[in-house]
Structures are given as structure tokens and as C-alpha cells.
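Asker: Take a look at this one; I'll ask things after.
The values are calculated or read from the model by the stated rules, or taken from the named source; none is laboratory data. All values reported here derive from a predicted model rather than from experimental measurement. Methodologically, a virtual Cβ is constructed for each residue, glycine included, from the backbone with ideal geometry; neighbour enumeration extends over all protein chains shown. These area figures cover heavy atoms from the full protein model, side chains too; ligands, DNA and RNA do not enter into them. Shrake-Rupley method; radii C 1.70, N 1.55, O 1.52, S 1.80 Å.
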Amino acid sequence: MITVNDIAVEFGGTTLFSEVTFAINETDKIALMGKNGAGKSTLLKIVAGANKPSRGTISAPSDAVVAYLPQHLLTEDNCTVMEETSKAFAAVLNMKNTVMEETSKAFAAVLNMKKEIDEINEQLTIRTDYESDEYMKLIERVSELSEKYYSIEEVNYEAEVEKILKGLGFEREDFNRPTKEFSGGWRMRIELAKILLTKPDLILLDEPTNHLDMDSIQWLEDFLINQAKAVMVISHDRAFVDNITNRTIEVTMGRIYDYKAKYSHYLELRKDRRVHQQKAYDEQQKYIADNQAFIDRFRGTFSKTDAVQSRVRMLEKIVPIEVDEIDNSALKLKFPPSIRSGQYPVIVKDLEKSYGDKLIFKDANLVIERGQKVAFVGKNGEGKSTMIKAIMKEIEINSGSVEVGHNAQIGYFAQNQAALLDENATIFETIDNIAVGDVRTQIKNILGAFMFHGDDTTKKVKVLSGGEKTRLAMIKLLLEPVNLLILDEPSNHLDMKTKDIIKDALRDFDGTLILVSHDRDFLDGLATKVFEFGNKRVKEHFEDIKGFLAHKKMDTLKEIEK
């Protein structure tokens, strides 16, 4: 369907990748993988047509529809959710600005087609130049459009918009709220809704799950598996990628490797590939060393001149075998020791919180014991971050009590922690500005442990990727000893290797952990108890995330059956 032909991308004399060729077929569900900085997002933008390659071409059928969800928002501020989704037919229906309208922009092509058909038919009824070329062109055009339009089955646009919005977590009362009232994560959902409504031939998604709760991720998985055509996705959510994809393209060392396999199988195939590469590399190095030893031994020996020159020419013609890089850098994370907290670091009794007339939760009770690792889960907007702010004493509560236990030393990582960094400071300055005592002499070692090496430390924060900013913000958190860690979506924008290393460190952390996350793989084996936020309540589950999700899946099926 779509072919990438021998493309290359170069920046200032540096080649990001070259000679990249592959085809995307009608039913491919592709995971685009590779470490941070390998060029995944750049390649996705090129396929989307948002960027141009330095060399090479992208070819696709003229009627192919490609939809692209970038990491940055495109949603306008001056309309509602329905308007933003509906702008596709806003001109036709003369709608005003709403959430539903914004989502309905997706139907622009179909409704504009109908509008053009009506305009041409009107011209044909009033024109009398039946024999002119212009009249015949109008007839040809309206015939072509009508054939396309009437081949599309009739759709109740508003019902389609509502179904998609509700699947992504919006309530009916949200549809007519202005988009500017929503957080970045919810506005990203509006963009995603518009893409899904267009029913494109190829959907390109760059980190789509970063701002989705578990229910919405499961709904999106089902949509992409059962209703979408071709999909190419970049995601650090291992479970999401494994569930939806049947093909993996790895970007590494300026080239790609294409596997007809889902992510977990690809990892095994990649390991085998590198074993064979290493074996071939070792054999070639031995061959080179043996011949170079012969050359060095007999150079200047008259009787061996021809043999020496022959081997010199042979070595000059050798094409070096490259072994694909294995990212052996590691975050040697170890949380510093801290004083022992009281038996119950957090006790919440009969807590109620509302914002104006909107009740967030009531009669909420939490008891978290020293050393426990618990997860806060639930749909966005149900009160997870509100509960954390109540524990941190950042907001006023309506009634009830929140008690932080004796000797509790809190380390807090907020969702926007990376955005709070000084963008004009360098990586080194960011840590140097807060380091005290002996830590100041270890800054370079600490940065190195977090994969900031050499000249990297002089980069300004504003040029860093989302993952790099998150790692830098995590360093700031770790410089002070804590015994109660509160982490709100810490794994967003981190690659899978970094997430695994941080997860291992959190598993070994001897303090108390409260973790807000929608990343099932990150929570698995880490959280031993789950607090579910929903329906204005907080429900305690005495099981790990797998047990919790098993129940949730059953509940979801019952809701569908009803």
C-alpha cells in the first residue's frame, strides 16, 4: 500500500539513518522500536508526510488516507470537544464551537464531497452551455464524486463521534465543554478521536498511551485490533505493543531490521541476530589479525614481497562486519538510605473533596503501612492526583482527615516534573544547583549512571527529549534521602530499558511507595496492593495488578453485555 524507498536523513553532516526501504501492507500492525535518539519519531513523521527525507521517496496510492498523531498537541483552544472533533462538517452544519464538534472534524472529506456534489448539481441546473468543455468537465466531476460518495455506507456522524469519545473516557456532559478547559492529556484524546473517526488506511501513533488510563488503553487496543486497517506505532508500553502488533521494525545504527513478529518474539530474534553478528565479527577480526601478523613478519623480505602485497590488497578490500549496538548503559539506581518512618506513613479517613459543584470522591479511606508498595489506578479525572495533592497538603479538603505518619520523609515526582526544569540551564547546572556537600564532587558520576556522558552534560535542558528530561528530573528526586516515594506517572517518555532499571530500583527500595500509573507492565511485580478510583469512591484491592486487571476485564465484559 505504502512504500518507503531508499530514504536517508542527515543533520549537519551526521547521518541519522540511510538506505531505509520497506513496505506497509493493508493489514500490518507495526511496532517501530529502537532506543531514544535512534530516529523513530523522525521516520514516523516522514511516513506521515510531515517531514521530508534528505534522500529517497515515499510512494502511496493517490486515494490513500494517512492519519498521524504526534506527541505535540494540534487541538485549538477556541472551541468545544464536539466542535473540535466535528470541524470536518462544521461548515456544512453551521455548528458552533464544542468538544463534539472538534472531534467531528474527522468527517470533513465525506461532507465536503457531498457539498461539492450539491454545488455542481446546482450549476448544472442553471447552465445552458450543454456542449461546452466546461459543462462536460462538470458532468465528469459529479459522476466521479457521486460514485465515491454513494459507495460509502450511510453513517450517523454524531453517533460515531459519541461512541469514539466515550470509548476514550469522555462523559456526555464533556461534549459541549471548551477544549481549553481540558488538560493536555485529554486534548490529546480529542486528537486521537479525530484520527480514529476518519477510518484511515494507515494510522501513525507516537506514544498514544502516555495520557490514557487503563480502560481507555484496553478500548484503544480493541479498536486497533478489530477495526483499524494498517497501524504503525511508537510506544514504551510493552503490553500495549505486544497486544496490537504483528510486525516489528527496529531502527538501530542508521539502518532498520524488519521482523514479521510481535515485540516479545522480536526480542528473541534480535538476540539471535546479534549472536550471529558477533560470531562473524570475531572470525573476521581473527582473519585480519592473522594476515596482519604475516604482513608485519615478512615486510621487507624479498622472497615474500608478492605474498605480502597480495595480503595487503586483500585486507584493503575487506568490508568490516558491524555488530549492532547493545545498549549496555545502565541506570545504577540505588535509593540512598533514610531514617525509619512510623508504622503507618499515610492514613486517610472519610475524605471528601470537590471542586465547586463537581464531587471528586467522598468517604475515601486509605491506610498504607511502612514498606508497602501500592498503585493508584482508575480513569483520568477520578481523583488519583487529587488524593496525592491532599497527602502533600497542596489542596484544601472538604471533610475528613489526611495524616502523614511520624518521621515520613516524602519524595514527590509529579506528572509535570520534567516540564518544571529550567530549560536554559545545562544538564550539569541543573544538578549542580541543588547538590550539597560531598555530592558536588560526584555530579559527573551520578549523571553518567543516568546515561548522561561527556559532552552530553553541557546540553541545555530545552534540547533534551522527553525521556532525557524525565531521567534528569528523577536524579533531582534521588539526591535527598526519602522513606515515602510518591510517583505520578514516572514512566511516561522513558524507553523500555530505562523503565526496567527504574522498576528494579523501586522494587529494592526499602521505604513506602505510592505509584500512579496506567502502565500495566511497569506495575506488574511492583505494586502489591491496588487502590481503584472511580464512581466518586476509592476501593481497596488486596491483590497485585494482574489480579486487579482480571477482575476489571470481567466487569468490562459484563458492561458490554448489558
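Asker: Does residue 204 satisfy the criteria of being open to solvent by less than 30 Å² (accessible area, probe 1.4 Å) and modelled with pLDDT of 90 or more?
Answerer: Yes.
Asker: Within the range 422-441, can you find the residues that are touching a residue at least 12 places away in the same chain (Cβ under 8 Å), out of contact with any Ser or Thr (no Cβ under 6 Å at 6 or more places or on another chain) and open to solvent by less than 60 Å² (accessible area, probe 1.4 Å)?
Answerer: 425, 430, 431, 435, 439
Asker: Say whether the condition of being in a strand (DSSP E or B) and at pLDDT below 90 is met by at least one residue in the range 381-402.
Answerer: No, there is no match, as no residue in the range 381-402 is in a strand (DSSP E or B) and at pLDDT below 90.
Asker: If residue 547 meets every condition in (1) out of contact with any Leu (no Cβ under 8 Å at 6 or more places or on another chain); (2) open to solvent by 40 Å² or more (accessible area, probe 1.4 Å) apart from one, which number is that one?
Answerer: The single condition residue 547 does not satisfy is (2).
Asker: Within the range 385-415, can you find the residues that are of a type outside the set (A, V, I, L, M), within 13 Å of residue 352 (Cα to Cα) and either open to solvent by less than 50 Å² (accessible area, probe 1.4 Å) or touching a strand residue (DSSP E or B) at 6+ places or on another chain (Cβ under 6 Å) (or both)?
Answerer: Residues satisfying the conditions are 386, 398, 399, 400, 401.
Asker: Take residue 10 and decide whether it is among the acidic types (Asp, Glu) and at pLDDT 75 or above.
Answerer: Yes, satisfied.
Results for (1) acidic (Asp, Glu); (2) open to solvent by 60 Å² or more (accessible area, probe 1.4 Å); (3) at pLDDT below 90, shown as yes or no for each residue.
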position	(1), (2), (3)
260	no, yes, no
265	no, yes, no
297	no, yes, no
304	no, yes, yes
309	no, yes, no
316	yes, yes, no
324	yes, no, yes
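Asker: Still on this model: Could you tell me which residue of the range 58-93 is least open to solvent (accessible area, probe 1.4 Å), considering only residues that are within 21 Å of residue 168 (Cα to Cα), modelled with pLDDT of 65 or more and assigned to a loop (DSSP other than H, G, I, E, B)?
Answerer: Result: 79.
Asker: Of all residues being not in a strand (DSSP E or B) and not charged (D, E, K, R) in the range 347-376, which is farthest from residue 510 (Cα to Cα)? Just the residue, please.
Answerer: In this case the residue turns out to be 356.
Asker: What's the number of the condition residue 452 fails, among (1) out of contact with any helix residue (DSSP H, G or I) (no Cβ under 7 Å at 6 or more places or on another chain); (2) buried (at least 20 other Cβ atoms within 10 Å of the Cβ); (3) of a type in the set (Phe, Trp, Tyr)?
Answerer: Result: residue 452 fails condition (1) only.
Asker: Sort out for me the strands (runs of 3 or more DSSP E) sitting completely within the range 1-55 that have 1 or more residues that are hydroxyl-bearing (Ser, Thr, Tyr) and open to solvent by less than 60 Å² (accessible area, probe 1.4 Å).
Answerer: Details: elements: 2-11, 14-24, 29-33.
Strands (runs of 3 or more DSSP E) meeting the threshold: 2-11, 14-24.
Asker: Given the conditions (1) over 17 Å from the mean Cα position of the chain (by Cα); (2) surrounded by fewer than 22 Cβ atoms within 10 Å (Cβ to Cβ), and given that residue 224 satisfies all but one, which numbered condition is not satisfied?
Answerer: Status for residue 224: all satisfied but (1).
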